[in-house]
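Colleague: Input: one structure, supplied below.
The values are calculated or read from the model by the stated rules, or taken from the named source; none is laboratory data. Please read all numbers here as calculations on a predicted model, not as lab measurements. Note that we place each Cβ from the backbone using ideal geometry, even for glycine, and neighbour counts take in every protein chain shown. Protein only, heavy atoms only, side chains kept; ligands, DNA and RNA dropped before computing areas. Shrake-Rupley method; radii C 1.70, N 1.55, O 1.52, S 1.80 Å.
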Amino acid sequence: MLRAKDYRERAWGKLKGKWGTAALIAFVYSLIMGACSALFYIYIGGIVALLVTGPFALGFAAVALRIMRTEDIEIGQLFGGFKNFGTAFLVSLLNGIFIFLWTLLFIVPGIIKTYSYRLSYYILADNPSMSATEVRKRSIELMRGNKWRLFCLEFSFIGWQLLCILTLGILSFWVTPYYNAAIADFYQSLLPQEQIQPTEELPSV
């Protein structure tokens with residue numbers, strides 16, 4: 001069974017020759033989502049944030065999968081999630097609602113459900129014909145018995161996150177794609193080999 005270190009090393013290796021493009025994609029993603037966050041408390045800003053969060057998360061997940069499948073990446077792929085706007089939006093909305101409702105019970109159930117739905121966008125990137133409910137259920141199925149492993153993988157990036165703070169967030173443009181590529185590799189490791197999609201089938205523009 002692969003450990004957190006293994007996922008990180010594999011992601012690092014797959015990013016060779018792609019660091020610049022990956023950092024640029026992360027920069028554009030951060031600008032867009034940062035603008036949405038800044039506008040969140042303005043009525044129209046909140047609506048925009050609600051509408052674009054899912055599609056951009058899907059596009060970023062697709063980029064991470066392309067990295068791990070040794071496919072060329074380009075900034076236009078970040079916007080590929082809008083080709084499946086309806087489902088991406090519903091995934092974001094439903095996941096948010098269910099996590100919120102579980103959090104109302106206690107914080108811990110909310111955290112657990114967050115991990116249950118953690119692979120939703122990677123699944124949707126591979127299966128664009130799935131409904132939002134099917135995506136959510138598939139994520140729950142894949143994460144059954146694997147939540148702690150994913151937590152350990154995410155926690156292993158704590159050192160990098162601290163360095164991002166020390167560099168006033170600049171390093172995050174490189175750490176974010178590295179982190180997401182490792183999560184994409186974790187997702188792939190849970191799939192039967194025959195279910196891994198050719199990367200050219202993933203959303204792009």
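Colleague: Can you pull out the residues in the stretch 61-79 that are surrounded by fewer than 23 Cβ atoms within 10 Å (Cβ to Cβ) and either among the hydrophobic types (A, V, I, L, M, F, W, C) or assigned to a helix (DSSP H, G or I) (or both)? Explain how you work it out, then say what you get.
Modeller: Filtering the stretch 61-79 down to residues surrounded by fewer than 23 Cβ atoms within 10 Å (Cβ to Cβ) leaves 69-77, 79.
I73, I75, G76, Q77, F79, listed by residue number.
Colleague: While we're here: Return the residue satisfying two criteria in turn: it lies in the stretch 123-135 and is in a helix (DSSP H, G or I) and out of contact with any helix residue (DSSP H, G or I) (no Cβ under 6 Å at 6 or more places or on another chain), and of such residues it is surrounded by the fewest Cβ atoms within 10 Å (Cβ to Cβ).
Modeller: As a first pass, look at the stretch 123-135 and keep what is in a helix (DSSP H, G or I): 123-126, 132-135.
Cutting the leftovers down to out of contact with any helix residue (DSSP H, G or I) (no Cβ under 6 Å at 6 or more places or on another chain) gives us 126, 133-134.
Values: D126: 22, T133: 12, E134: 14.
The qualifying residue surrounded by the fewest Cβ atoms within 10 Å (Cβ to Cβ) is T133.
Colleague: Looking at T87, T114, which is the one that is on the phi < 0 side of the Ramachandran plot, touching a helix residue (DSSP H, G or I) at 6+ places or on another chain (Cβ under 9 Å), open to solvent by less than 50 Å² (accessible area, probe 1.4 Å) and among the polar types (S, T, N, Q)? Working first, answer last.
Modeller: Working: T114 fails: open to solvent by less than 50 Å² (accessible area, probe 1.4 Å).
Sole residue among the options that is on the phi < 0 side of the Ramachandran plot, touching a helix residue (DSSP H, G or I) at 6+ places or on another chain (Cβ under 9 Å), open to solvent by less than 50 Å² (accessible area, probe 1.4 Å) and among the polar types (S, T, N, Q): T87.
Colleague: Out of the residues in the stretch 16-52 that are under 16 Å from the mean Cα position of the chain (by Cα) and surrounded by 19 or more Cβ atoms within 10 Å (Cβ to Cβ), state the one that is modelled with the lowest pLDDT.
Modeller: That would be V52.
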